[in-house]
Amino acid sequence: MTLDDIKMLNLAKPGSHKGQNGRLLIIGGSHLFHAASIWALEVASRIVDLVHYSSIVENNALVKAKFRNGIVIARENIESYIEEDDCILIGPGMTRDEDTAKLTHSLLTSYPNKQWVIDAGALQMMDLADIPNNAILTPHHQEFVHTFGHQEVDAVANTYHCIVLLKGPKDIVSDGAHTQVIEGGNAGMTKGGTGDVLAGLIAALACKNDPFLATIAGSFINKKAGDELYASVGPFFNASDLAAQIPKTMKALLY
């Protein structure tokens, strides 16, 4: 992974118009987890032109009242937005239960040709047969073992024709044919929510970029942002700090 790889990203250009720099749908959250999907929304809304956000009623109300940098969509209306958006992130903050399994199965099988990023609860509750081609899966080690057993990352990516990001002190990214190891990160990035930030970043980049490039670039940028925070405050930062640092890191790398 080099800076030249990062500079291949298709990002906002002078003269572009509203909607040309990506439209993302985030489906996540639950009665138990409120912040996870909002952390993904925080970072994605800084990158793409438009984020549609869909969660349970109480989380939708939180976003309407406090965040405002996304258009809130009721769960019963999400399918019309799937049609028009460039990428769909599903899973951050969703619980491991039958409701998550049913929703994930329904959407993945109904829209197999969309660009999907599958994270957290949706990742753990999906049927492996439902994984769409070129979907981006973002498990940490426990989720990977729970979902795929003790297979190699490249074998999983090759079998299911997807991109796998195995998160850890060294991120491993594979599409089956190519595998990259992304180093970096620090103890501050063990905080809850940093993985949700990463999922939102990758999904935002995947709106207008090749999914493998979006994944390796997202991993690199996320770790770089975490290391820059560590240089400033040590390990004493949280997911919101990381979401706010990522645009600064991207500007320094790309502009």
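For this structure, a couple of remarks:
- Exactly one residue out of Ala177, Ala157 is in a helix (DSSP H, G or I), more than 30 Å from Ser240 (Cα to Cα) and among the small types (Gly, Ala, Ser), and it is Ala157.
- Single match in Gly184, Gly234, Gly226, Gly200 (criterion: closer than 19 Å to Ala36 by Cβ and more than 14 Å from the chain's Cα centre (by Cα)): Gly226
- Enumeration of residues in region 53-81 that are more than 16 Å from Ala243 (Cα to Cα), in contact with a His (Cβ under 9 Å, 6 or more places away or on another chain) and not in a helix (DSSP H, G or I): Ser55, Ile56, Ile71, Val72, Ile73
- Restricting region 242-255 to residues that are more than 17 Å from the chain's Cα centre (by Cα) and in a helix (DSSP H, G or I) leaves a set whose member that is surrounded by the fewest Cβ atoms within 10 Å (Cβ to Cβ) is Lys251.
- Residues within region 106-121 that are touching a residue at least 60 places away in the same chain (Cβ under 8 Å) and either touching a Phe, Trp or Tyr at 6+ places or on another chain (Cβ under 6 Å) or not in a strand (DSSP E or B) (or both), tallied: 4
- Residues located in region 11-28, provided they are of a type in the set (A, V, I, L, M) and at pLDDT below 95: Leu11, Ala12
- Of all residues making up region 64-102, the number that are within 24 Å of Lys208 (Cβ to Cβ) and out of contact with any Asp or Glu (no Cβ under 6 Å at 6 or more places or on another chain): 20
- Of all residues making up region 130-152, the number that are β-branched (Val, Ile, Thr), free of Cβ contacts under 8 Å to residues at least 60 places away in the same chain and surrounded by 20 or more Cβ atoms within 10 Å (Cβ to Cβ): 1
- Residue match in region 43-52 (condition: part of a loop (DSSP other than H, G, I, E, B), surrounded by fewer than 19 Cβ atoms within 10 Å (Cβ to Cβ) and touching a Pro at 6+ places or on another chain (Cβ under 7 Å)): yes
- Any chance Glu83 is over 12 Å from the mean Cα position of the chain (by Cα) and surrounded by 18 or more Cβ atoms within 10 Å (Cβ to Cβ): no
The values are calculated or read from the model by the stated rules, or taken from the named source; none is laboratory data. Because the structure is a prediction, the values reported are computed rather than measured. Counting neighbours? That spans all protein chains shown, and the Cβs are built from the backbone with ideal geometry, glycine included.
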